[in-house]
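Note sheet for the following structure.
Derivation of every value follows stated rules applied to the coordinates shown; laboratory data play no part. What you are looking at is a predicted structure, and each value in this text was computed from that prediction instead of being measured. Cβ sites come from the backbone with ideal geometry, for glycine too, and all protein chains shown count toward neighbours.
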Amino acid sequence: MNLESRLRLNRKLLRIFFLLLTSLLIVTASASVYNYVYMQASPISTKTAKVVFANGSDATAAGTSPGTNGTYVSFTSMSGWPNATRVYENATVIRNVDSAVDFVCQLSRGSWSGNTGYIDELYVKIYNAAGTWKATLDVKNDNTTSFTIPHGDNWRVEWRIKWSATAQSTYTVTATIMLRVTGEGTNE
């Protein structure tokens, strides 16, 4: 084998070596090491809800339907006129059924869809047992509001709906509102 052939062979071997080294580095760099640790909760039990929804005095007009255990409520008959405000003063009631604990609650918009560009105003207002306004959720502008409902109290929920003047009678919106009840009561 002459010198030129040896140099070519050495260059090929050197290239293969560098290619192999580069491949090894890539494989090593992309390899991940995992350790699994576990948590187990047993048993996870069911408790009776402490804050629940119930029918308000406008339940029939609003199509109010509380769920079996009061932790869900739907409204199937709400509507409004174009360029006028429709008010459901007592679409549902929020009840703190606990006899000793006050609950901190937060109201926020979950989802919002449909002909939303034609809604001028959509508010959910919360009033305490004495009828005093305590909180407002502006559904259209997606704010969040908080309040504390004392033990044993029933608070009413008002919906205010105003469609724009150009809204058609076929337009609809769907709004999902979330009521977050913190922990098991005061200071949690």
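Dipole magnitude for the range 1-144: computed about the Cα centre from +1 point charges on Lys and Arg Cβ and -1 point charges on Asp and Glu Cβ, it is near 1200 debye. How far is helix 3-30 tilted off the main Cα axis of the chain, in degrees rounded to 10, range 0 to 90? The answer is roughly 20 degrees.
As a proxy for reagent exposure, 23, 65 were ordered by neighbouring Cβ count within 10 angstrom, fewest first; the result is 23, 65.
With neighbours defined as other Cβ atoms within 10 Å of a residue's Cβ, the residues 1, 39, 178 order from fewest to most as 39, 1, 178. In the set (1) 15.8, 51; (2) 30.9, 106; (3) 23.7, 80, the label that goes with Rg and Dmax of the Cα atoms in Å computed for this structure is (2).
Across the chain, Cα pairs under 8 Å and at least six residues apart give a relative contact order of 23 percent. Checked against a 22 Å cut-off, the cross-linked pairs 125/162; 47/134; 140/162 give Cα-Cα distances beyond that limit for 47/134. Listed from fewest to most Cβ neighbours within 10 Å, the set 153, 142 follows the order 142, 153. In the chain, the sites counted are chymotrypsin sites (Phe, Trp or Tyr not before Pro) in DSSP loop states with at most 13 other Cβ atoms within 10 Å, and the longest stretch holding none of them, exclusive of the sites, is 73-188. Taking the helices alone, the chain has a mean residue ellipticity at 222 nm of -5500 deg cm²/dmol, built from -39,500 (n - 2.57) per DSSP H run of at least 4 residues and averaged over all its residues.
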